[in-house]
Amino acid sequence: MNIAKNTICLWYDNDAEGAARFYAETFPNSSVGTIHHAPGDYPSGKEGDVITVEFTVFGIPCIGLNGGPAFQHNEAFSFQVATEDQEETDRYWKAIVGNGGQESECGWCKDKWGISWQITPIALLEAYTSSDRTAAKRAFDAMMTMKKIDIATIEAAFRG
């Protein structure tokens, strides 16, 4: 058995497999691996139910655990996806929000399972980390008014 030394374990109510399949279909370098079934009954399921799903998101090994409704996801954990351009930003945003997810602020959104995603254009990262702190603040202030990031608006704010 090949087990990664460090794996992100994400707790789902009961649809870890659905989440893993969505991620594999949506993001490059993502896949669904082994699906494990419970060898016996457990507090939130029965023998034979899917209990864990091994999957990869953008090359990061993950395990989805169908643990029941006891714990819910929040923004304390998120996947940050660096996007090259507006088309890629829009594509991921639409995939997540348009598949039962919800918009948040400043490039953040949640998928329908409650996992938070930061869809972050590289142009935004470059703008607000610039050594020109005045221009960086303009770009940062523009970002603070957005849900999905609009690269043209960020670049215009950076230029002043």
(message) Under a crude label model (7 Å from the Cα following the beta-carbon direction), how far is Arg21 from Ala70 in nanometres?
(response) 2.7 nm
(request) Please express the Cα-Cα pair-distance distribution P(r) of the chain as a list of whole percents, one per 5 Å bin, running from 0 to the bin with the greatest distance. (result) 2, 9, 16, 18, 16, 12, 10, 7, 5, 3, 1, 1, 0
(request) Using DSSP to define loop residues, name the trypsin sites (Lys or Arg not before Pro) in region 27-118 whose beta-carbon has at most 13 other beta-carbon atoms within 10 Å. (result) Lys46
(request) With a point put 7 Å past each Cα toward its Cβ, work out how far Arg91 is from Gln118 in nm, to one decimal. (result) 2.2 nm
(request) Note down the relative contact order for the chain as a percent, whole number, built from C-alpha pairs under 8 angstrom at least six residues apart. (result) 18 percent
(request) In nm, give the distance between the simple-model label positions of Asp132 and Ala152, each being 7 Å from the Cα along the Cα-to-Cβ direction. (result) 2.0 nm
(message) Across region 73-160, what fraction of all alpha-carbon pairs, as a whole percent, falls in each successive 5 Å bin from zero upward?
(response) 3, 16, 26, 23, 16, 10, 5, 1
(request) Based on other C-beta atoms within 10 Å, arrange Tyr12, Tyr128 from fewest to most. (result) Tyr128, Tyr12
(message) Taking each pair of distinct Cα atoms in region 1-59 once, what is the resulting Kirkwood hydrodynamic radius in Å?
(response) 12.3 Å
(request) Calculate the dipole size of the chain relative to its Cα centre from +1 charges on Lys and Arg beta carbons and -1 charges on Asp and Glu beta carbons; express the result in debye to the nearest 20. (result) 320 debye
(request) Take every Cα pair under 8 Å in region 7-71 that's 6+ residues apart, average their separations, divide by the length, and report that relative contact order as a whole percent. (result) 44 percent
(request) Working from Cα positions, state the angle (0 to 90°, nearest 10) between the long axis of helix 16-26 and the longest principal axis of the chain. (result) 40 degrees
(message) With +1 on the Cβ of every Lys and Arg and -1 on the Cβ of every Asp and Glu, and nothing else charged, how large is the dipole of region 1-69 about its Cα centre, in debye rounded to the nearest 20?
(response) 260 debye
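Just so you know, all these numbers are worked out from the coordinates, no wet-lab data involved. All values derive from a computational prediction rather than experimental measurement. When we count neighbours, we look across all protein chains shown, and the Cβ atoms used for this are built from the backbone with ideal geometry, even at glycine.
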